[in-house]
Amino acid sequence: MESGVLPRHIGIIMDGNGRWAKKRLLPRTAGHVQGAKAFRKCLRHCIDLGIECVTFYAFSTENWKRPKDEVDAIMKLFSDYLDEGLDMYEKDVVMRFIGDRTPLSESLKQRMEKLERETAGNSGTTCCLAVNYGGRDDILHAVKTLSERGEDISALTEDSISSALYTAGLPDVDLLIRPSGEQRISNFLIWQAAYAEYVFMDVLWPDFTEKDLDTAIEIFEGRNRRFGGL
Ligand code: IPE
Ligand code: IPE
Ligand code: MG
């Protein structure tokens, strides 16, 4: 029985910022500002619940297609977040960043590494932020990494691929939440969420509350996970 068992790893596609702003006749960037606040609130609730790991999808490998001013605004929010660092409430959090950092600025890269280094020894919830992340890119990057390590490609196992993904060492995703009403995965953790339970919600991400997270977890707890067995 899975009933009452918390998900070890929750994945969240933070979607609907643009529509939230449009509804209020505000620029899309205002939606991203509000979305960043929802992110902090949701992370706090995960900490309170004792969730082992939560991954937030902040920027996909496809999001570069957006107008430059919107991309710049999202990167600025990310930069501000790195400058703020963890607050008292989040002091035990382990921060991880997943995705291809190559096109990010040197300054961002340095601050990401610093935050990861400073929090690596913490014992609380792991907060994983997916920036320039794509599930296909993750798998491709893992295979290239294994090849560079001199691994025999013909002898690869699922575990060896898992160990070379950006999420190496983290448990597979148990619960994947997508707010905003869309019912697709949009290249999020496609390998890691192979057996995740999907919960699609109609709320737009900036309006997502602690109660919505509780609801998603309740739905998860009511599901019967079979993993292909009986
Ligand atoms: C999610 O909100 C944030 C990012 C993809 C960076 P959107 O910006 O996609 O919001 P909608 O989907 O247009 O409402
Ligand atoms: C997925 O949302 C990416 C993030 C939330 C970061 P999108 O808004 O980019 O996804 P699509 O375009 O609706 O599939
Ligand atoms: Mg969207």
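Read-outs throughout are calculated quantities, based only on the coordinates presented, and are distinct from any laboratory measurement. From a predicted model like this one, the values you see are computed outputs, not experimental measurements. As a convention, Cβ positions derive from the backbone with ideal geometry for all residues, glycine included, and neighbour counts pool all protein chains shown.
Worth a mention:
- If you sort the three axes of the alpha carbon gyration tensor as a ≥ b ≥ c, you get a/c under 1.5 for the chain, which makes it rounded.
- Signed unit charges on C-beta, dipole axis of the chain, positive-most listed residue GLY35, GLY4, SER163: GLY35
- Only helices reaching 27 angstrom along their own axis (Cα) with mean Kyte-Doolittle hydropathy no lower than -0.5 count here, and for the DSSP H runs of the chain these are 28-49.
- ASP100 sits among other residues whose Cβ lies under 14 Å from its own Cβ, and their net charge, with Lys and Arg +1 and Asp and Glu -1, is +1.
- Over the chain: helical MRE at 222 nm, DSSP H runs n ≥ 4 each giving -39500 (n - 2.57), nearest 500: -13000 deg cm²/dmol
- Structure remark: mean-square fluctuation, Gaussian network model of the chain, C-alpha springs under 10 Å; the largest value among ASP138, ASP72, ASP15 belongs to ASP72.
- Counted charge near ILE13, where neighbours are those whose Cβ lies closer than 11 Å (Asp, Glu -1; Lys, Arg +1): 0
- Value of relative contact order over the stretch 144-230, rounded to a whole percent, pairs C-alpha under 8 Å and six or more apart: 25 percent
- Relative to one another, the C-alpha centroids of the stretch 14-65 and the stretch 110-138 are positioned 17 Å apart.
- When +1 charges are put on Lys and Arg Cβ atoms and -1 charges on Asp and Glu Cβ atoms, the dipole computed for the stretch 9-221 relative to its Cα centre reaches about 1000 debye.
- Value of relative contact order over the chain, rounded to a whole percent, pairs C-alpha under 8 Å and six or more apart: 30 percent
- Taken one residue at a time, the phi angles of the stretch 160-169 give Karplus couplings (6.51, -1.76, 1.60, θ = phi - 60°) of 5, 5, 3, 6, 10, 6, 4, 8, 2, x Hz. Gly and Pro are set to x.
- 5 angstrom amide H check on MET14, placed H, neighbours 5+ away: TYR57
- Relative counts (whole %) of C-alpha pair distances in the stretch 92-177, using bins that are 5 Å wide: 3, 12, 20, 22, 20, 15, 7, 1, 0
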